[in-house]
Amino acid sequence: MRHVLAEGCLLEPQVRAHAHEMFAVLSDPAIYEFENEPPASEQWLHRRYELLESRCSSDGSAYELNSEYWRRGIGSAAVQAMLHELGTQYEVERYVAVLKASNFRSLGLLRRLGFGSADESEAAAWRDTPDELVMVKAARRIADAP
Ligand SMILES: CC(C)(COP(=O)(O)OP(=O)(O)OC[C@H]1O[C@@H](n2cnc3c(N)ncnc32)[C@H](O)[C@@H]1OP(=O)(O)O)[C@@H](O)C(=O)NCCC(=O)NCCS
């Protein structure tokens, strides 16, 4: 995996060496207003990141950002850069995001990046629980560029 440069931030592949610094970030209750819970211990997070180094997430976890830095455009810049990376380097043609319907911050970020609501049949295929929204966006192919 490559490092991806976004406006105002550098996206690095997640590795276990990040666990110590990320434990403090992920212990912030603000992150869990809509779903999930903080890591049980730094040791647990270390194990988890070790597993994720394999690049095969089994639970479809989404992005998280230290709440001290929210609403500065970092989240959308980072996700936009990752969409570009997926489209250009991995030929991904369609992006799908699943989020809690109440997560207005995440919904705002996705709308800002051009995601729209999936139609009901596609949403049903992705949704795990009734309180989730499914948003989709077609990747802009190089051939479509002006
Ligand atoms: C969701 C999250 C990544 C957004 O990151 P961010 O860097 O704050 O997002 P941005 O500054 O790029 O904002 C993008 C859009 O999101 C929406 N948004 C973000 N914070 C908001 C807030 N406090 N109130 C209302 N809308 C908000 C806005 O529509 C914003 O666009 P705008 O500033 O042009 O109005 C961040 O809030 C977070 O980590 N939340 C906790 C974890 C989580 O919910 N992850 C997503 C799971 S699906």
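The values are calculated or read from the model by the stated rules, or taken from the named source; none is laboratory data. Because the structure is predicted, anything quoted here is derived from the model rather than measured. Here the Cβ is made from the backbone with ideal geometry for all residues, glycine too, and neighbour counts use every protein chain on show. Please note that ligands, DNA and RNA were not included when accessible areas were found on the heavy atoms of the full protein model with its side chains. Shrake-Rupley method; radii C 1.70, N 1.55, O 1.52, S 1.80 Å.
Listed residues 83, 51; which is in contact with a Phe, Trp or Tyr (Cβ under 7 Å, 6 or more places away or on another chain), of a type outside the set (D, E, K, R) and over 26 Å from residue 130 (Cα atoms)?
Exactly one of 83, 51 is in contact with a Phe, Trp or Tyr (Cβ under 7 Å, 6 or more places away or on another chain), of a type outside the set (D, E, K, R) and over 26 Å from residue 130 (Cα atoms), namely 83.
Are there any pairs, at least 6 apart or on different chains, whose C-beta atoms fall under 7 Å, with the first in segment 17-36 and at positive phi and the second in a helix (DSSP H, G or I), and if so, which?
Taking only residues 6 or more apart or on different chains, not a single pair turns up.
State which residue is most open to solvent (accessible area, probe 1.4 Å) when the search covers only segment 126-140 and only residues that are within 17 Å of residue 36 (Cβ to Cβ) and in a strand (DSSP E or B).
If we take residues in segment 126-140 being within 17 Å of residue 36 (Cβ to Cβ) and in a strand (DSSP E or B), then 133 is most open to solvent (accessible area, probe 1.4 Å).
What are the residues in segment 78-125 that are in a helix (DSSP H, G or I), open to solvent by 50 Å² or more (accessible area, probe 1.4 Å) and away from the ligand (no atom under 16 Å from the Cβ), if any? Before the answer, list the steps.
We begin by selecting, within segment 78-125, every residue in a helix (DSSP H, G or I); these are 78-89, 104-112, 120-125.
From what is left, the residues that are open to solvent by 50 Å² or more (accessible area, probe 1.4 Å) are 80, 82, 84, 86, 88-89, 104-105, 111-112, 120-121, 124-125.
Passing the criteria: 86, 88, 89, 120, 121, 124, 125.
Can residue 75 be described as of a type outside the set (Val, Ile, Thr), surrounded by 12 or more Cβ atoms within 10 Å (Cβ to Cβ) and either more than 7 Å from the ligand (Cβ to nearest atom) or without any contact (Cβ under 8 Å) to a residue 12 or more places away in the chain (or both)?
Here the answer is no, as residue 75 does not meet what is asked.
Going by what's in this entry, would residue 40 be described as at pLDDT 95 or above, loosely packed, with under 12 Cβ neighbours inside 10 Å and more than 11 Å from the ligand (Cβ to nearest atom)?
yes
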